[in-house]
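Chemist: Before anything else, here's the structure in question.
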Amino acid sequence: MVAVENITQLIQEKARELLSSGQVELVIGYQRASDGVTARPAFVRKAEDAGKLIFDQTCTHNLGKYAIEHRGKSLAIVAKACDTFGINVLIQEKQIVREKTYVIGINCPGVVESSFGETGDRLQYRCQICQEHAPAVFDYIVGDPILEKPLDFDPYAKVKELEALPQEERIAFWEKHFDRCIRCYACRNACPQCYCTECVVEQIDPNWVGAPIQVPEKQIFHVIRAFHLAGRCIGCNECERVCPVGIPLSLLNMKFSLEVEQQFGYKPGRDPEVCAPLATYQPDEDLGIGG
Amino acid sequence: MTSAQPGGNGRNPYVPYLAKIENTLDLTYDVRLFRVRLIDPAVEEAFVYQPGQFAVVSAFGVGESPFDICSLWQPGAPLEFAIRRVGTVTSGLHALEPGDVVGVRGPFGNWFPMEEYRGKDIIIIGGGIGMAPMRSVVNWVVEHRADYGALRVLNGARSPQDLVFTNEFDLWRSSPNSELVLTVDRGDDKWKDRVALIPAVATELQYSPANAVAFVCGPPIMIKFTVKALQGLGFQGEQIITTLESKMKCGIGKCGRCNIGQSYVCLDGPVYTFAQATQLLEEL
Amino acid sequence: MDIITRESLKRWLTTLMDRYQVMAPVLAEGNHLFRAISSTDEIAWDYYNSVVPPKELIFPLTESLFTLEYQNGVPQIQEPVIDRQTVIFGLRPCDARAIAMLDASFMNDPVDVPYARRRALVTLVGWACVRPESPCFCVNIGGAPNGTQGLDVLMTEGTDGYFVEPVTEKGKAVLEGAELKHTDAVPPEPAALPAFSTEGLTERLPEVFLSPMWQQQVEACISCKICTFLCPTCYCFDVRDRRDGEAVERMRCWDSCQGAHFSKIAGGYNPRATKTARWKQFFYHKYLYYPERFGGVIACVGCARCVRKCPVNIDIREVIQDLKEDISA
């Protein structure tokens, strides 16, 4: 793995500084997990506890959702490049206040595949295809800038492979995977962009989607979520990582990202001034419909 | 561990008894009294309930919810439920008409131990729709008048339009050695009685804890402050008795919904003394 | 003890499939799960434990309680027929112990009839864990990697085949026709697991209910339902109606106290509005409320699925450790 001890030290020092000066009351970062090898979210409120903060290539979590949870507090958040795209989306959508959110941005070398007690050297797929290792928003930046190397393969290859299949095969593919889904909602809850206090699929009145944990309901849940994320999903893939039964959710979300990129030339959260196409109304826009 | 006896030969407790709505009476703008008669006479005969117990009523296709049975059991009499239209199931029930079929499961839960309180002064304090379970206690005392001491009822609501059993006030007032005090949070130009919160009125009335028991039912915050007021007047935890509302589904202690602290409200409750309620770890 | 070779075991299972639905651990897209098999080739013989516990075979994720239809204006209720004899093959002792805990609750009066019907038709043939691994902690919570509690038959893999130990009459009956051979050899002892004690925890839990430790431990929680759904001793469920024209189907499906809206009542009041309050419910139900009702048995079997799969590493063993420190302080 890439040596990142320097980043850990810098984060700890910055956290100490921000907390002792009172500039923030909470630092949201990473600490070592109970298995001794992976990472988990950390919440530090006292300067003397800053020593537990770490950063290495097991720091996979997207901490943006905790910024929403602690909205209103002055806080600092450790964010990899992709996480900062998500933070920009949340700022645009007025879920967090930029002025109260101190972003410790990381020039991220990528995170590795890991599960409880196990880690290694293999980069997660989203990191293998990443071409943007620099944070899009930050108040303090750590880590050596990463030299972007062009990919020698199409990052959307798997999506296009699936797209090329006839409809019955695509349906069968997804039904096979959704059969295992247990509606634990880990995918939804791990996603910072899913912040509705009452999710539409859990609403009782109207009962848009029934409670049964069966393929039709599971299917519609995942499709609704993918639509709601269109143009907002930054591809952190936490949804797929947290799924206990290995549903390839990245294929679904990447399909939508591909569509948004092709139709609008848009990637979410890169430029805080540019708003999401699906959330923007321009009176003079040519929609290509009607007379 | 209790020994498990496999085999499902008993009646399925999730299958409701079928019942017909015999008639309804609008008690307020959002509370309706439903008189419901079990269709199978054998089921009706066996459905004997005590004051404080509840039944889970189904609006088929919409869902089911627990409701206190606010009538007193009598052979051949329909079950009465005072149902406030506040959510999905209650709206579903309000959309039904006399003659329509509903489901009834029960009677579930424990009950007010009225036998234990014989000879005592009975104080009954009900707020809003919380008066529904209190109604059966008032009517029990009225029916067994000689068995109890003074009957002092305090009934409050947000406004005069939210008082639920206005049609029974005269009956309660006419019972010997009884007092009925009404109060609202906000009055209107026709309202001549008190405009005050229930806990304040309880203190004002100086209820005596001597040989008395106080029943309290209403929104959680009303219960909290009324109990404080009663404690201020010297009432001990065992002298204050309440019935608690909780989200329930199965009604028989399986689904876990109503598990609060160590207790399952559908099994150990819904009737608790205040002393018991404070033993529960979680706040209700 | 008796022993059976892998080949004889497969033959026995194949004949069982004539009379029983046989559920066994299979590999489904990289995940070990219990599924009905039609051939012993499907069995994942080397599995450690399933992602979703076998409780789903007796207490399904979704099941129909009854349907109501109007016939000539008269409502008729029809209950589903549950009559399929089933063998669950290959479950671990922890999961069998957990099923016994579900039995105690569901069979308690009034009997949960749908559960009882399924349960009566199920025979549990388990495999001992010869190589248990941390974070599993069954030994610290009243269980054992080669425990027989809750099982009808226990099989332990040895060098020459599987040691077979019938535990109940049902177990003896299902083994009829299996080519068992007597052996003087004994089943191998399972490898040791790291030890920590949970003794005395239940008694002291009421005192620490308001400890600030809970909020710190649970801070990263995202309120998904993984811990409760993957837990073999969790059994909360929701009951909902589904309309199909004039007909109504009442169903029950898994639910979780970790969901934000689980305890919310009509009108909006929610007694467990915070994730700390909700996670405490998960813990307290297992370690205090269930033992109080059911003879002191802690409703946790140490399978550690919650530890392995929690997206943010809330580790119940850490919580227990912190509690013990809190209690002795």
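The values are calculated or read from the model by the stated rules, or taken from the named source; none is laboratory data. All figures in this text were calculated on a predicted structure; none of them were measured in a lab. Reconstructed Cβ throughout: ideal geometry from the backbone, glycine too, with neighbour counts over all protein chains shown.
Chemist: Confirm whether A:Val89 is in a strand (DSSP E or B) and either without any contact (Cβ under 8 Å) to a residue 40 or more places away in the chain or under 30 Å from A:Lys267 (Cα atoms) (or both).
Modeler: Criteria not met by A:Val89.
Chemist: If a residue has to be in contact with a Leu (Cβ under 8 Å, 6 or more places away or on another chain) and either more than 11 Å from chain C (Cβ to nearest Cβ) or surrounded by fewer than 19 Cβ atoms within 10 Å (Cβ to Cβ) (or both) to count, how many in segment A:201-213 make the cut?
Modeler: Qualifying residue count, segment A:201-213: 0.
Chemist: Return yes or no: is C:Thr148 hydroxyl-bearing (Ser, Thr, Tyr) and within 17 Å of the chain's Cα centre (by Cα)?
Modeler: In short, yes.
Chemist: Looking for something within 14 Å of another protein chain (Cβ to nearest Cβ), in contact with an Asp or Glu (Cβ under 9 Å, 6 or more places away or on another chain) and surrounded by 15 or more Cβ atoms within 10 Å (Cβ to Cβ) - is there at least one such residue anywhere in segment A:220-243?
Modeler: For segment A:220-243, residues within 14 Å of another protein chain (Cβ to nearest Cβ), in contact with an Asp or Glu (Cβ under 9 Å, 6 or more places away or on another chain) and surrounded by 15 or more Cβ atoms within 10 Å (Cβ to Cβ): present.
Chemist: Within segment A:19-45, restricting attention to residues that are at the interface with chain C (Cβ under 9 Å from one of its Cβ atoms) and in contact with a Leu (Cβ under 7 Å, 6 or more places away or on another chain), which residue is farthest from C:Ile316 (Cα to Cα)?
Modeler: My answer is A:Phe43.
Chemist: As an exercise: evaluate C:Gln217 against (1) more than 9 Å from every other protein chain (Cβ to nearest Cβ); (2) closer than 30 Å to C:Tyr115 by Cβ; (3) buried (at least 21 other Cβ atoms within 10 Å of the Cβ) and give the number of the one condition it does not meet.
Modeler: If we test C:Gln217 against (1) more than 9 Å from every other protein chain (Cβ to nearest Cβ); (2) closer than 30 Å to C:Tyr115 by Cβ; (3) buried (at least 21 other Cβ atoms within 10 Å of the Cβ), just (2) comes out false.
Chemist: Please go through segment C:278-329 and pick out each residue that is charged (D, E, K, R), facing another protein chain (nearest Cβ under 7 Å) and within 12 Å of C:Cys231 (Cα to Cα).
Modeler: Matches in segment C:278-329: C:Arg308, C:Lys309.
Chemist: Which residue is farthest from C:Gly158 (Cα to Cα), if the candidates are limited to segment C:88-142 and must be among the basic types (Lys, Arg) and surrounded by 20 or more Cβ atoms within 10 Å (Cβ to Cβ)?
Modeler: C:Arg117
Chemist: Given the options C:Val81, C:Val52, name the one that is within 9 Å of another protein chain (Cβ to nearest Cβ) and part of a loop (DSSP other than H, G, I, E, B).
Modeler: So the residue among C:Val81, C:Val52 that is within 9 Å of another protein chain (Cβ to nearest Cβ) and part of a loop (DSSP other than H, G, I, E, B) is C:Val52.
Chemist: Filter segment A:155-177 down to the residues that are surrounded by 15 or more Cβ atoms within 10 Å (Cβ to Cβ), more than 11 Å from every other protein chain (Cβ to nearest Cβ) and under 24 Å from A:Pro244 (Cβ atoms) and list them by number.
Modeler: Across segment A:155-177, the qualifying residues are A:Lys158, A:Val159, A:Leu162, A:Trp174.
Chemist: What do you reckon, is C:Asn72 polar (S, T, N, Q) and in contact with a Cys (Cβ under 9 Å, 6 or more places away or on another chain)?
Modeler: No.
Chemist: If a residue has to be surrounded by fewer than 18 Cβ atoms within 10 Å (Cβ to Cβ) and more than 20 Å from the chain's Cα centre (by Cα) to count, how many in segment B:24-43 make the cut?
Modeler: So the answer is 5.
Chemist: When only residues in segment C:6-40 that are in contact (Cβ under 8 Å) with a residue 60 or more places away in the chain and of a type in the set (A, V, I, L, M) count, which is nearest to C:Arg92 (Cα to Cα)?
Modeler: Looking at residues that are in contact (Cβ under 8 Å) with a residue 60 or more places away in the chain and of a type in the set (A, V, I, L, M), I get C:Ala24.
Chemist: Let me ask something else. If we scan segment C:258-265, do we find a residue that is at pLDDT 95 or above and not aromatic (Phe, Trp, Tyr)?
Modeler: Yes, there is a match, as at least one residue in segment C:258-265 is at pLDDT 95 or above and not aromatic (Phe, Trp, Tyr).
Chemist: Which members of segment B:204-257 meet the condition of being closer than 24 Å to B:Asp147 by Cβ and among the hydroxyl-bearing types (Ser, Thr, Tyr)?
Modeler: Passing the criteria: B:Tyr207, B:Ser208, B:Thr242, B:Thr243.
Chemist: Let me ask you something else. Of these, B:Lys228, B:Lys224, which one is out of contact with any Phe, Trp or Tyr (no Cβ under 7 Å at 6 or more places or on another chain) and without any contact (Cβ under 8 Å) to a residue 12 or more places away in the chain?
Modeler: Exactly one of B:Lys228, B:Lys224 is out of contact with any Phe, Trp or Tyr (no Cβ under 7 Å at 6 or more places or on another chain) and without any contact (Cβ under 8 Å) to a residue 12 or more places away in the chain, namely B:Lys224.
Chemist: For A:Ala67, are the conditions met, namely being surrounded by 15 or more Cβ atoms within 10 Å (Cβ to Cβ), part of a strand (DSSP E or B) and out of contact with any Asp or Glu (no Cβ under 6 Å at 6 or more places or on another chain)?
Modeler: So A:Ala67 fails the test.
Per-residue answers, yes or no, for (1) part of a loop (DSSP other than H, G, I, E, B); (2) more than 10 Å from chain B (Cβ to nearest Cβ); (3) within 28 Å of B:Pro220 (Cβ to Cβ):
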residue	(1), (2), (3)
C:Cys227	no, yes, no
C:Val239	no, no, yes
C:Arg250	no, no, no
C:Cys253	no, yes, no
C:Gln258	yes, yes, yes
C:Phe262	yes, no, yes
C:Ile265	yes, no, yes
C:Pro271	yes, no, yes
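Chemist: Shifting gears a bit: Could you pull out every one of the helices (runs of 4 or more DSSP H) wholly within segment A:106-224 that has 3 or more residues that are within 17 Å of the chain's Cα centre (by Cα)?
Modeler: So the answer is A:125-128, A:186-190.
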